[in-house]
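Peer 1: What follows is a single structure, and I will ask about it in a moment.
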Amino acid sequence: MLIGELSGRTGVSPRLLRYYEEQGLLNAGRGPNGYRHYDDDAVLTVRKIRVLLDAGLTSEVIRAVLPCTRDDRPEFDWCADIRDLLARELAALDGRIAGLQRNRGTLAAFLSPDE
């Protein structure tokens, strides 16, 4: 299928699809006319990419875990080191949340009336 059809079937813009390809997340062949051509499984791949992005993972992490996913939820076949990689990502996310909570507390204190 061409990029426009993949875009229509997934709701992802052609620009983002090209970005996913640049990041090594999505593969496209080229026809004799130079147009990108995607296999039917590209729809599922794009759905998995979107779910993983929504989880806050970077393109680099997604590139590592994508080969170990199945279904569009996705579910994982626990390839070597994937569980550890996701655990590190979760710990980093927890750290960012803690920092945001500290920032929020400080900002809220600025807005508290002086007593």
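Peer 1: Multiplying the sequence separation of LEU53 and GLN23 by 0.36 nm and subtracting their Cα-Cα distance, what value in nm do you get? If you can, show how the numbers build up before the last one.
Peer 2: Numbers: separation 30, 0.36 × 30 = 10.80 nm, distance 1.29 nm.
Between LEU53 and GLN23, full extension yields an extra 9.5 nm.
Peer 1: Here is a follow-up. Nearest 10 degrees is fine. How inclined is helix 42-54 to the longest principal axis of the chain, computing both from alpha carbons?
Peer 2: 10 degrees
Peer 1: Now for a different question. Determine the gain in length on full extension of the stretch GLU5-GLU60; use 0.36 nm per residue of separation and subtract their C-alpha separation, reporting nm with one decimal. Intermediate results must be reported in sequence, preceding the final value.
Peer 2: On the way: separation 55, 0.36 × 55 = 19.80 nm, distance 2.62 nm.
Stretched out fully, the GLU5 to GLU60 stretch lengthens by 17.2 nm.
Peer 1: Using each residue's phi in region 88-101, evaluate 6.51 cos²θ - 1.76 cosθ + 1.60 at θ = phi - 60° and report the 3J(HN,Hα) Karplus result to the nearest Hz, with x for Gly and Pro.
Peer 2: With coefficients 6.51, -1.76 and 1.60, one gets 5, 5, 5, 5, 5, 5, 4, x, 5, 5, 4, x, 5, 5 Hz.
Peer 1: Stretched out fully, how many nm does the piece from LEU111 to GLU75 gain, at 0.36 nm a residue minus the Cα gap?
Peer 2: 8.5 nm
Peer 1: Roughly speaking, what is the centre-to-centre gap between region 58-115 and region 1-22 when only Cα atoms are used, to the nearest Å?
Peer 2: For region 58-115 versus region 1-22, the Cα centre distance is 26 Å.
Peer 1: In nm, give the distance between the simple-model label positions of ARG15 and GLU89, each being 7 Å from the Cα along the Cα-to-Cβ direction.
Peer 2: The modelled label-to-label distance comes out at 2.5 nm.
Peer 1: Give the long-range amide H neighbours of HIS37: residues separated by 5 or more places, or on another chain, with amide H under 5 Å away, using H modelled in the peptide plane at 1.01 Å from N.
Peer 2: GLY29, ARG30, GLY31
Peer 1: For region 7-115, what does the alpha-carbon gyration tensor say about shape, rounded, prolate or oblate, given a ≥ b ≥ c as the root eigenvalues, a/c under 1.5 as rounded, and a/b over b/c as prolate?
Peer 2: On the way: a/c = 3.42, a/b = 1.98, b/c = 1.72.
Here region 7-115 falls in the prolate category.
Peer 1: Can you give the helix-only mean residue ellipticity at 222 nm for the chain, where every DSSP H stretch with n ≥ 4 adds -39500 (n - 2.57) and the sum goes over all residues, rounded to the nearest 500 deg cm²/dmol? The partial results should precede the final answer.
Peer 2: Numbers: 5 runs with 67 residues, N = 115.
That comes out to -18500 deg cm²/dmol.
Peer 1: Next question, about the same structure. Sequence gap at least 6, Cα distance under 8 Å: using those rules, report the relative contact order of the chain to the nearest whole percent.
Peer 2: 18 percent
Where a number appears in this text, it was derived from the coordinates with a stated rule and is not lab data. Keep in mind that what you see is a predicted model, and the values were worked out from it rather than measured. Backbone-built Cβ (ideal geometry, glycine too); neighbour counts: all protein chains shown.
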